[in-house]
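Chemist: Structure in structure tokens, see below.
The values are calculated or read from the model by the stated rules, or taken from the named source; none is laboratory data. In this text the structure is predicted, and so the values were computed from the model without any measurement. Using ideal geometry, Cβ is built from the backbone for each residue, glycine included, and neighbour counts are taken over all protein chains shown.
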């Protein structure tokens, strides 16, 4: 008898049930158990569901290496959506191309992480109309017609972005049962992750 493969959302849910207090994610300044990682991912899933993200839609993750990246990867999967990690080295032109080409409906990022790396400023260069967006809850950008929300993990957030605290707070009304229903509805054959090439010799290509 063949066994049904786990999806990403199922994998973390099951590991939390079986290995709850064991370390799942260890960084130099923090560590999370399987149970803690599961709870963090579910908070993000609830935020995406409250945001209106539908199963099969694409969510970009533009972050440096940090715990939230892993939380988001699983949170996107638990919402039934597809994660699109974005190369932190992409410049404005490459970012603008990817956001539109990948049909992103949401993007999670942060602001300045180093003197030479400011994701907020780079996104504003990539999406000029973001600076005059009137409703960060429902973006309507000519450069990215499908993009509805940009979430900023670390305050202060620049124009046109929503804070992670706000979107997670709004997701609190979404039940765990709804998240479990999203997890259970994912087809193991569906796309779970889209990765883009470096774009050094041509526009980045998604695979």
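Yes/no per residue for (1) within 21 Å of residue 51 (Cα to Cα); (2) at pLDDT 95 or above; (3) outside any loop (DSSP other than H, G, I, E, B):
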residue: 154; (1), (2), (3): yes, no, no
residue: 157; (1), (2), (3): yes, no, no
residue: 178; (1), (2), (3): yes, yes, yes
residue: 190; (1), (2), (3): no, no, no
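Chemist: Could you list, in sequence order, the residues of the stretch 89-119 that are in a loop (DSSP other than H, G, I, E, B), farther than 19 Å from residue 43 by Cβ and touching a strand residue (DSSP E or B) at 6+ places or on another chain (Cβ under 7 Å)?
Modeler: Passing the criteria: 102, 103, 111.
Chemist: Select from the stretch 156-199 the residues that are without any contact (Cβ under 8 Å) to a residue 12 or more places away in the chain and within 20 Å of residue 63 (Cα to Cα) and write down the one among them that is surrounded by the most Cβ atoms within 10 Å (Cβ to Cβ).
Modeler: 166
Chemist: Still on this structure: Among the numbered criteria (1) surrounded by fewer than 18 Cβ atoms within 10 Å (Cβ to Cβ); (2) in contact with a helix residue (DSSP H, G or I) (Cβ under 7 Å, 6 or more places away or on another chain), which single criterion is violated by residue 110?
Modeler: Only one criterion in (1) surrounded by fewer than 18 Cβ atoms within 10 Å (Cβ to Cβ); (2) in contact with a helix residue (DSSP H, G or I) (Cβ under 7 Å, 6 or more places away or on another chain) is unmet by residue 110, namely (1).
Chemist: To continue, here is another question. Can you find a residue that is at pLDDT 95 or above and within 20 Å of residue 182 (Cβ to Cβ) anywhere in the stretch 86-101?
Modeler: No, the stretch 86-101 has no match at all.
Chemist: Now, a different point. Against the definition (within 10 Å of the chain's Cα centre (by Cα), under 30 Å from residue 14 (Cβ atoms) and surrounded by fewer than 20 Cβ atoms within 10 Å (Cβ to Cβ)), how does residue 69 come out, yes or no?
Modeler: yes
Chemist: Hey, another quick one. One residue is enough: does the stretch 77-90 have a residue meeting the conditions at positive phi, surrounded by 17 or more Cβ atoms within 10 Å (Cβ to Cβ) and in contact with a helix residue (DSSP H, G or I) (Cβ under 8 Å, 6 or more places away or on another chain)?
Modeler: Taking the stretch 77-90 and keeping what is at positive phi, we get 80.
From what's left, surrounded by 17 or more Cβ atoms within 10 Å (Cβ to Cβ): 80.
Applying the additional criterion that residues be in contact with a helix residue (DSSP H, G or I) (Cβ under 8 Å, 6 or more places away or on another chain) yields 80.
Yes.
Chemist: Here is a further query. Looking at the stretch 38-51, which of the residues that are crowded, with 21+ Cβ neighbours inside 10 Å and more than 22 Å from residue 161 (Cβ to Cβ) is farthest from the chain's Cα centre (by Cα)?
Modeler: This residue is 38.
Chemist: Let me ask something else. Any residue at all in the stretch 34-46 that's out of contact with any helix residue (DSSP H, G or I) (no Cβ under 6 Å at 6 or more places or on another chain), over 22 Å from residue 188 (Cβ atoms) and either outside any helix (DSSP H, G or I) or modelled with pLDDT of 95 or more (or both)?
Modeler: Looking for residues that are out of contact with any helix residue (DSSP H, G or I) (no Cβ under 6 Å at 6 or more places or on another chain), over 22 Å from residue 188 (Cβ atoms) and either outside any helix (DSSP H, G or I) or modelled with pLDDT of 95 or more (or both), one finds at least one in the stretch 34-46, hence yes.
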